[in-house]
Amino acid sequence: MDKTVNQKAWFLVLPVFLVVAFSAVLPLMTVVNYSMQDTFGNNQFFWNGVGWFKELLDPSTDLGGRFLASLGRNLFFSMVILAIEVPLGIVVALSMPRQGWTVAACLVILALPLLIPWNVVGTIWQIFGRPDIGLLGYVLNAIGLDYNYVSNDIDAWVTVIVMDVWHWTSLVALLCYAGLKSIPDAYYQAAQIDGASRWAVFKAIQLPKMNRVLLIAVLLRFMDSFMIYTEPFVVTGGGPGNSTTFVSIELVKIALGQFDLGKAAALSLVYNLIILIVCWIFYTVMTNAGVERRTQAETEPAAARKPVGALQPVPALQPKEGVA
Amino acid sequence: MARIDLVDLAHSYGGNDAALESFALKPVTMTWRQGGAYALLGPSGCGKTTLLNVISGIITPSRGKILFDGQDITPLSTQKRNIAQVFQFPVIYDTMTVGQNLAFPLKNRGVPKAEIDKRVAEIGRLLDLDPYLNRKATRLTADAKQKISLGRGLVRSDVAAVLFDEPLTVIDPELKWQLRSKLKALHRELDLTMIYVTHDQTEALTFADTVVVMHDGRVVQSGTPAELFDKPAHTFVGYFIGSPGMNILPAEVRGREARIDGHVIALNRSYDRLPAGAKIEIGVRPEFVEAVAPGPGLLTARLERIDDLGRIRFARTRLGDARLAARAPAGFSSPDGTAGLKFDPSHVHVYADSLLVEGAA
Amino acid sequence: MHSIPGRRVIMALFLIFLLLPIYWLVNMSFKTNSEIVSTMTLWPHAPTLQHYRRIFTDESWYSGYINSLEYVVLNTIISISVALPAAYAFSRYRFLGDKHLFFWLLSNRMAPAAVYALPFFNLYSAIGLFDTPWAVALAHCIFNVPLAVWILEGFVSGVPREIDETAFLDGYSFPRFFIKILVPLIASGIGVAAFFCFMFSWVELLLARTLTSVQAKPIAAIMTRTVSAAGMDWGLLAAAGVLTIIPGALVIWFVRNYIARGFALGRV
């Protein structure tokens with residue numbers, strides 16, 4: 001759709017701009033300010049230039065070591081949960097019932113973990129996994145596995161990952177399900193006529209039609225897992241040792257725990273920058289995909305496209321049918 | 001390639017127990033000859049797409065049988081039926097090139113690679129798609145995409161029939177003509193049975209040798225375009241085909257005479273045994289009624305307007321409550337707003353409860 | 001046709017996986033602390049409502065729920081009302097810097113809360129909003145406003161332009177067109193956006209906890225108090241947890257038929 005150029009549209013965007021600027025730009029400026037200073041407490045600051053940044057990126061210093069280690073852990077964590085949640089989400093979406101009350105029931109149960117406050121998610125798994133009072137921990141120990149997420153690094157990792165899978169696979173599944181729902185029946189019928197096998201239908205129709213929602217799912221899951229704080233903090237507190245200390249946990253430790261504002265601010269900026277870059281890459285890829293979709297859509301008449309959201313196309317735009 | 005027989009076939013989306021009146025497709029028995037070009041014509045919701053989907057196997061009929069060359073294939077799945085179907089909106093496998101799209105049905109059936117390449121090249125040439133074979137199919141225009149959908153149907157050499165479900169809905173008018181003549185050419189060249197569903201009479205009459213008209217879940221007539229025009233078997237066919245449609249007027253019919261408002265219209269045949277209590281109507285196409293200056297012995301109608309269609313003009317008139325269109329010859333004009341109507345007796349048909357009655361000679 | 005062999009089994013297993021930990025939480029909330037600590041029981045052998053009673057009678061507990069709902073609702077209202085005009089602008093017009101602005105907005109959706117915790121603390125303390133629902137509501141705007149703009153833009157784009165043009169030709173002023181015509185047309189989109197704003201504001205804790213101390217403390221933060229000198233009060237913790245799940249479950253139940261549609265936009 002070609003949009004008209006209208007600079008007055010800025011007036012419509014202004015409220016959003018002000019609200020977000022107030023919540024994002026102002027604090028960010030404080031962060032930049034802090035990141036170049038050092039403090040001895042009691043509100044006395046002195047100029048430190050890029051000192052904190054140098055230290056941050058140098059693994060031999062305490063700050064740099066902690067940052068890079070937590071960054072590595074975080075990246076590893078994100079990769080693992082993506083590798084599990086994306087395929088699992090697709091499988092769950094494909095397993096959705098076709099019709100009847102079970103659809104609504106499955107949707108409600110799937111969405112449930114998404115609406116639980118994050119620290120409660122932590123609490124649920126903290127309780128569930130404890131060897132003394134939790135069902136999971138108790139059963140695992142009863143069948144002879146020595147499982148304890150408080151003292152064992154690997155157990156802690158497994159717990160945090162399973163918790164994330166529990167918490168977020170539904171999001172991927174719901175996105176994929178929505179993508180699947182938007183495929184017109186004619187595609188399945190055509191594939192049937194073309195003699196396509198179940199696997200060929202998945203590869204030729206379902207996967208390509210889902211690729212946009214999958215991209216969004218991957219983006220959201222990567223970002224959110226990269227920023228994860230509350231859930232592992234509640235379950236493991238970043239331990240045992242530092243084994244499950246992710247970047248956000250490290251950051252809060254430095255900022256609110258030690259009130260080391262300069263270090264925290266420098267870490268924040270680098271952290272934010274990484275996220276911004278990844279976000280930009282995704283955005284570019286997605287807009288390009290969008291352009292491709294649009295050129296494709298232009299060649300199809302309005303009725304061939306699924307109406308966006310709830311809106312049905314106005315009757316006047318539909319091809320008229322009747323006595324010619 | 002096959003002859004297709006439908007034996008007492010019917011379908012209801014509400015299951016077999018539903019009342020027969022609510023069936024989307026009411027019981028039908030008919031034969032589609034091998035190599036024929038058929039059109040299934042009817043307004044939306046008349047059951048034509050249901051019939052098509054039953055033939056292709058997308059829908060399993062509630063009752064009745066489908067035979068391909070005498071063999072009952074009703075329980076077989078779509079895959080096993082060797083049917084090709086082209087849908088209203090082009091179905092394209094997004095990630096594949098045009099060539100891969102065309103090869104897809106063959107690959108799924110395990111046809112050897114050399115054979116696939118040969119068939120794809122052949123179909124690509126037939127459909128003028130060869131310059132695009134290595135291009136991604138998503139970027140093409142709607143008509144090229146529809147050609148690919150069609151090509152996927154034609155690429156298999158053994159299809160029993162090719163079914164079209166309003167395939168030209170999304171195509172621009174000028175390309176519609178091109179694609180339609182392409183289809184006709186393909187039909188001649190490949191000797192395939194083709195069934196073409198449409199609600200557009202021009203499309204149906206130009207494409208098909210045999211037009212099957214459906215109305216309210218029932219097949220009301222099947223015949224050549226000329227038969228449908230000259231002798232509609234059902235008032236609906238008369239009204240639906242032709243532009244303007246057939247004039248249908250309530251009348252009293254006795255022997256060789258029909259009476260409307262006390263005026264007598266001569267009939268070519270004699271109708272002595274009309275079913276008692278039935279609704280009797282006469283039907284005559286506007287082409288066979290002439291509007292002239294009112295005169296003695298002529299039915300006089302109120303003239304409402306004259307439609308000029310270029311080659312021919314039609315006078316729109318009113319006869320009591322009924323409307324009637326009549327051919328207006330060159331130079332016809334009506335100073336006082338009335339017109340006399342001259343009927344051609346050999347083209348006036350009699351209908352009892354909407355069905356054509358054959359008179360005695 | 002879009003299902004796979006064994007789908008019932010897969011679905012059932014996955015749902016069990018989702019429900020098991022929640023079942024355990026509910027189970028524990030009805031047990032006495034001594035039962036929790038001493039034996040492993042699959043259902044409460046001596047069911048008790050003592051933990052729930054305590055939460056509903058102790059003001060410091062139930063006020064947490066009220067505080068949470070207060071800032072969540074505030075945030076949803078602010079987010080939707082500022083996002084609506086912007087969504088319209090992004091959907092209909094091109095203007096200087098529109099693409100960059102859109103990206104900048106979206107990038108804020110991805111901003112880690114931990115980065116903002118401390119500056120927010122300073123900012124809201126400085127302007128006297130610290131420990132009020134407003135502080136949390138405004139802070140949550142940083143991720144909810146971009147989200148609402150994104151979702152609503154999709155819905156506005158689904159409204160054919162002809163409708164705007166017809167309305168203006170019929171003499172509607174812009175505000176009247178907006179309220180009388182556009183908003184009713186995208187009502188379900190507003191519902192979807194509100195659902196997601198509610199959801200993300202309700203589940204967030206880090207900012208909510210940092211920006212409140214006593215007056216506006218959210219329930220999720222109050223839960224951390226169950227650690228006391230006498231050890232963990234597991235039953236109370238579980239009961240409080242169950243109660244935080246309920247508003248979310250209710251919201252899902254009401255919007256269950258719209259969930260798929262909201263996700264269908266691919267804009268979450």
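Throughout, read-outs are computed from the coordinates displayed, never taken from laboratory work. Nothing here was measured: the structure is a model prediction, and the numbers come from that model. With ideal geometry, Cβ positions are generated from the backbone for all residues, glycine too; neighbour counts draw on all protein chains shown.
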Exercise for review: Give, rounded to the nearest 20 debye, the magnitude of the charge dipole that the protein assembly as shown has about its Cα centre when Lys and Arg contribute +1 at Cβ and Asp and Glu contribute -1 at Cβ.
Suggested key: 940 debye
Practice item. From other protein chains only, count the Cβ atoms within 10 Å of every residue's Cβ in A:229-236, then give the mean. Key: 3
Revision key, fill the gap. Averaged over residues of C:209-215, the number of beta carbons from other chains lying within 10 Å of each residue's Cβ is 1
**Study point:** Euclidean distance between Cα centres, segment A:204-225 to segment B:2-33, Å
**Key:** 44 Å
Revision key, fill the gap. Out of B:G255, B:V289, B:G238 - ranked by how far each Cα lies towards the positive end of the dipole of segment B:224-361, with unit charges on the beta-carbon of charged residues - the top one is B:V289
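Taking the convex hull of the alpha carbon atoms in segment B:1-158, what volume per residue do you get, in Å³? Before the final figure, lay out the partial values.
Working: hull volume 20.9 nm³, N = 158.
Convex hull of Cα atoms, per residue: 132 Å³.
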Check your understanding: Averaged over B:235-244, how many beta carbons belonging to a partner chain fall within 10 Å of each residue's beta carbon?
Key -> 1
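Could you grab the Rg to Rh ratio for segment C:1-102? Cα atoms only, Kirkwood for Rh. If you can, show how the numbers build up before the last one.
Details: Rg = 24.1 Å, Rh = 19.4 Å.
Answer for segment C:1-102: 1.24.
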Revision key, fill the gap. A chain fully extended from C:I16 to C:R54 at 0.36 nm per residue, minus the present Cα-Cα distance, gains in nm 10.6 nm
Check your understanding: For chain C, what's the relative contact order in percent, using C-alpha pairs closer than 8 Å and at least 6 residues apart?
Key -> 31 percent
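Kirkwood hydrodynamic radius of chain B from all distinct Cα pairs, in Å? Please list the in-between numbers first.
Values: mean 1/r = 0.0436 Å⁻¹.
In chain B this quantity evaluates to 23.0 Å.
Place a +1 charge on the Cβ of each Lys and Arg in segment B:4-234 and a -1 charge on the Cβ of each Asp and Glu, then give the dipole magnitude about the Cα centre in debye, rounded to the nearest 20.
Numbers: 27 positive and 26 negative charges, 156 e Å.
Rounded to the nearest 20 debye, it is 740 debye.
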Check your understanding: So, by mean Cβ neighbours within 10 angstrom, what's the order for B:334-346, A:116-128, C:113-125 with the highest one leading?
Key -> A:116-128, C:113-125, B:334-346
**Study point:** Distance histogram in 5 Å bins (all Cα pairs of segment B:247-357, percent per bin)
**Key:** 2, 13, 23, 24, 17, 11, 7, 3, 1
Practice item. Using a Förster distance of 35 angstrom, determine the FRET efficiency expected from the C-beta separation of C:H45 and A:V108, and round it to 0.05. Key: 0.70
Exercise for review: Please compute the net charge surrounding B:A226, taking Lys and Arg as +1 and Asp and Glu as -1 over other residues with Cβ under 14 Å from its Cβ.
Suggested key: -2
Exercise for review: Please give every one of the lysines within straight-line cross-link reach of C:K217, meaning a C-alpha to C-alpha distance under 24 Å, and leave out same-chain neighbours fewer than 8 residues apart.
Suggested key: A:K253
Practice item. Distance between Cα centroids, segment A:87-116 to segment B:294-347: provide it in whole Å. Key: 66 Å
Study note, to complete from the structure: Taking Cα atoms only, Rg over Rh for chain C with Rh from the Kirkwood formula is 1.05
Practice item. Percent of Cα-Cα pairs per 20 Å bin, from 0 to the last occupied bin, for the protein assembly as shown, please list those. Key: 12, 33, 29, 18, 7, 1
Point to revise | Cα centroid of segment A:117-184 to Cα centroid of segment C:88-115, whole Å | key: 34 Å
Revision key, fill the gap. Taking chain B and counting helices only, DSSP H stretches of n ≥ 4 at -39,500 (n - 2.57) each over all residues, the nearest-500 ellipticity at 222 nm comes to -7000 deg cm²/dmol
Practice item. Determine which aspartates and glutamates satisfy two conditions relative to B:K136: a Cα distance under 18 Å, and not lying fewer than 8 residues away in the same chain. Key: A:E292, A:E298, A:E300, B:D94, B:D117, B:D128
Study note, to complete from the structure: Mean Cβ-within-10 Å packing, highest first, puts peptides B:21-27, C:41-47 in the order B:21-27, C:41-47
Exercise for review: Report the residues of segment C:107-139 in range of a label on A:F22: point 7 Å along Cα→C-beta, backbone N strictly under 13 Å from it.
Suggested key: C:124, C:127-130, C:134-139
**Study point:** Computed label-point distance, nm, for sites A:F11 and A:Q99 using a 7 Å Cα→Cβ extension
**Key:** 5.0 nm
Point to revise | Zone of B:L20's modelled label, taken as backbone nitrogen in segment B:45-72 under 17 Å from a point 7 Å along Cα→Cβ | key: B:62-65
**Study point:** Dipole of the protein assembly as shown, positive direction: furthest Cα of A:N33, A:F128, B:L106, with charges on the beta-carbon
**Key:** B:L106
Review point. What's the FRET efficiency of A:T284 with A:K54 using the Cβ-Cβ distance as r and R₀ = 25 Å, to the nearest 0.05?
Key: 0.25
Check your understanding: Between B:D117 and B:D230, what is the spin-label point distance in nm, taking each point 7 Å from the Cα along the Cα→C-beta axis?
Key -> 5.4 nm
Check your understanding: Using the per-residue mean of other Cβ atoms lying within 10 Å as a proxy for protection, in what order, highest first, do the peptides C:75-88, A:185-198 fall?
Key -> C:75-88, A:185-198
**Study point:** Calculated [θ] (222 nm, deg cm²/dmol) that DSSP helices of n ≥ 4 give over chain C, each run adding -39,500 (n - 2.57)
**Key:** -23500 deg cm²/dmol
Study note, to complete from the structure: Surrounding charge for A:W118, neighbours by C-beta under 14 angstrom, Lys/Arg +1, Asp/Glu -1, total -3
